[in-house]
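Below is one structure, written out as structure tokens; comments come after it.
The values are calculated or read from the model by the stated rules, or taken from the named source; none is laboratory data. All of these numbers come straight from a predicted model, not from anything done at the bench. Glycine also receives a Cβ, built like all others from the backbone with ideal geometry; neighbour counts cover every protein chain displayed. To get the accessible areas, we keep the full protein, side chains included, count just its heavy atoms, and leave off ligands, DNA and RNA. Shrake-Rupley method; radii C 1.70, N 1.55, O 1.52, S 1.80 Å.
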Amino acid sequence: MQLVSEVSLERPRAVSPNGMAAMVERLLILAPHTDDAELGCGATVARFLEMGVDVNIAAFSTAEASLPPNSNPDRLGQEFLRATKTLGIPESKTFVYNYPVRQLGYHRQEVLEELIRLRREVKPQGVFLPAGTDLHQDHQVVHLEGVRAFKDVTVWGYELPWNHVTFSAQAFVRIQLSHLERKWEALQCYQSQLELGRSYFSWEFVAGLARLRGTQVQEEYAEAFEVIRIKC
Ligand SMILES: [Zn+2]
């Protein structure tokens, strides 16, 4: 197992995925919107599932207002279930809330209370959530309330580069091409977002970012995380 003290804040080093799995048997991924978890840590989730980690995922908004015109209002909710199933997460491990997109700030206390319920129900030893420097207003709410609700466990922040001016890549999870392909397969379940032509919904972007993060730690591919708290 990689010792926590070996995760340097000054010089990024690879944390062995096996080491992380040994530290964390049950994970909870917090996604402000239905696609954030797959975008931010989809390949890491694929890797951890392969290693037998119990992965749970909660999405706080199905973002009805971010759909192409004339879409079924629950389109993103349905795409989320397909995407998480593609990653390998059973429906019983998914939690979907229907807060309005860009308005989580108006429901901050309710979000906190849901997080506390999740803490009791899931009892995760590790939580992944948006990084602290994420500029999106909904992502900030989930970050702040998530760090607050899960004071007693390891917390990592995932990156969504289009929402950052800065991101502190402090921990790296090595991934294989197969995990990256699984991530892309899951992302392709979000047909509504592909239709909107978002530039980060492309294999070029997904693979390019993983190559960049991998190159920083002399690996072929990696996903990078902000280390918010480590408990082991
Ligand atoms: Zn989002």
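For segment 121-142, name all the residues that are within 13 Å of Ala58 (Cβ to Cβ) and free of Cβ contacts under 8 Å to residues at least 40 places away in the same chain. Correct list: Glu121 only.
Each residue in segment 69-106 was checked for being within 16 Å of the ligand (Cβ to nearest atom), hydroxyl-bearing (Ser, Thr, Tyr) and either part of a helix (DSSP H, G or I) or surrounded by 19 or more Cβ atoms within 10 Å (Cβ to Cβ) (or both), and 2 of them qualify. The selection criterion, being among the charged types (D, E, K, R), in contact (Cβ under 8 Å) with a residue 24 or more places away in the chain, open to solvent by less than 40 Å² (accessible area, probe 1.4 Å) and away from the ligand (no atom under 15 Å from the Cβ), holds for Glu114.
Looking across segment 182-221 at every residue that is part of a helix (DSSP H, G or I) and at pLDDT below 95, the one that is farthest from Asp36 (Cα to Cα) is identified as Glu195. Thr166 meets each of the listed conditions (1) touching a Ser or Thr at 6+ places or on another chain (Cβ under 7 Å); (2) among the β-branched types (Val, Ile, Thr); (3) within 16 Å of the ligand (Cβ to nearest atom) apart from (3). Counting the residues of segment 37-68 that are within 13 Å of the ligand (Cβ to nearest atom) and open to solvent by 10 Å² or more (accessible area, probe 1.4 Å) gives 3.
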